[in-house]
Structure formats: C-alpha cells, structure tokens
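Each remark here refers to the structure printed beneath this line.
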C-alpha cells in the first residue's frame, strides 16, 4: 500500500476508485467497504484510494462539539495504516485536518480535490455519507455532482455483525461500557493500546486513545516477540498487579480480551 502524506504529494493513478472518511478503528464495516473499493477498482483496471484525515476532525473541532471534548480514538495513524494495508488498499491519502480545511465547502471539495486533484473515476460512499463544511454532503448530492463531472457513485449499505449495526460510535460506546468482547466482534480484532511499562503501569503512547471503562480485564501484553496473558486493572490508568516479567521502560502493546469483573474481589 502506498501512503501519501498530504494532497500536495499526490501523484496521479489510473482510474482511481475513491472513498473518503475518518475510518477510525478500521472496523468490520470499514473492511467491507475496502473490499468493495478493491473490486470496483479491479473492474476498471484502476486503483483503490482512501482519503482520510489526521488528526481526527473531532480532535480539531472539539470547541464546537460537546461530544468531541471527551473523544477517544479507536486507532492511531500508525495503527490505521497497518490495518488498511492488511485490508489490501492500494493508496492511502492522509490529509492534514485543521480549522481552515474544515471550512472547505462540499462543492469545492468535490470539484477541486476529488475531480481536479485526484481525478476520481468512481466514488464509493457509506449509507450515512456526509462530509464537507457542516457535514453538508449526502449520497444524493454526490450523485448529482457525479453526473456533472463524469464519475459514478455507489452507496455502501449499513452493515450488521451479530445483529448489531457496525459503526465507530457504537464501538466506542461498547468500550466505554467495558464490553470489550462485543466491541472486538464489531472491530474484527482485539482492541489494543500501546505504551511503556513503568512502575507497574502502562503509560500510553497516544494520549487521545480511548480507554475502556473501569474494571478488571483479561489482557494480552506483547513485548517484542514475547507475550503474556494477565489481568489488568483499569481505572484512570492501566495497572498489572501480577505481571513481573516486564522490565522498567519496556515498550508494550496490549490487547483487551474481555472484562472479568468491575470491582476487586
């Protein structure tokens, strides 16, 4: 997968089939969208292209959005890149998101970025598609612009896993409730964190990464090529009361398997 940091570094590709979004967590529905993107690109001998944003728009617009003030990421940039590469995406374009970029209107985004810059051949959009200033876009509007500028548009339907609608918002809710097992089903992998082991605690590498709700969790702790299954106690910090195999200052990656119980027994 080619990673392009910034639209100024974009180099034209043949028949780009494009989708746009934050893709936070790269969950099960996101991966199905990438699958559709790949199939559509293969059908026109083109490239699958995803345009995403860094930092996440809610981290930039928090002063205008009450929900965003307590917003936690499901995936860092590096995690998103790794997950999208595994999904088989051809090209990932990471756009620097700031308040100036947020003010770009929907029509300007389509004409100046998708059409003139990217050269979009086809758009794939989700069932709840909207972006642009004040999230003013819609599937109907995108289709109208497609007719005007000569690209086709396909809408991807809402996805359900284990009778649950899959969305980043729903996964955040489950994690905040401590229901990591169900969140993992919707993600398609075990939710994880990265950090450094100090004084029996995990100091997070990404301060905006979402922490699951408080409780005692079965956790897989990986350091290098080694890993341990242990119980982690999460309140405001994640502590490992019974883990004695890690060295001070060691880099670790964690995967939450399930919550065992809420309170100490």
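FYI, it's all coordinate maths here, none of it is from the lab. Keep in mind that what you see is a predicted model, and the values were worked out from it rather than measured. Quick reminder, even Gly has a Cβ in these numbers, built from the backbone with ideal geometry, and neighbours come from all protein chains shown.
Once the Cα atoms are used to define both axes, helix 28-43 deviates from the longest principal axis of the chain by about 30 degrees. Over the chain, DSSP H runs of length four or greater, each weighted -39,500 (n - 2.57), average out per residue to a 222 nm ellipticity of -6500 deg cm²/dmol. When each of 231, 120, 60 is scored by the number of other beta-carbon atoms lying within 10 Å, the sequence from fewest to most is 231, 60, 120. Neighbour counting of Cβ atoms within 10 Å sorts the residues 218, 187, fewest neighbours leading, into 218, 187. Note on the chain: the C-alpha convex hull projects to 15.1 nm² when averaged across all orientations.
Protection proxy ranking of 26-39, 106-119, 194-207, by the mean of other Cβ atoms within 10 Å over each peptide's residues and highest first, is 26-39, 106-119, 194-207. Kindly provide log₁₀ I(q)/I(0) values, in the same order as q = 0.14 Å⁻¹, from the Debye equation applied to equal alpha-carbon scatterers of the stretch 188-246. So the normalised log intensities are -0.36. Summary of packing: across the peptides 84-90, 145-151, the per-residue average of other C-beta atoms within 10 Å ranks them, highest first, as 84-90, 145-151. Structural descriptor for the stretch 2-158: relative contact order 29 percent, calculated from alpha carbon pairs under 8 angstrom and at least 6 residues apart. When the Cα gyration tensor is reduced to axis lengths a ≥ b ≥ c, the ratio a/c is 1.5 or higher for the stretch 167-265, and with a/b above b/c it is classed as prolate.
Determine the shape class of the stretch 5-121: with a ≥ b ≥ c the square roots of the Cα gyration tensor eigenvalues, call it rounded for a/c under 1.5, and otherwise prolate if a/b is greater than b/c, oblate otherwise. Note, shape of the stretch 5-121 comes out oblate.
For the chain, the longest principal axis of the C-alpha atoms and the axis of helix 77-87 are separated by about 70°. Per-peptide packing, taken as the mean over residues of other Cβ atoms within 10 Å, places 234-241, 97-104 in the sequence 234-241, 97-104 from highest down. If I fit a long axis through the Cα atoms of helix 139-149 and take the longest principal axis of the Cα atoms of the chain, what angle between them do I get, 0 to 90°, rounded to 10? That works out to roughly 40 degrees.
In percent, rounded to a whole number, the relative contact order of the chain is 18, using alpha-carbon pairs under 8 Å and six or more apart.
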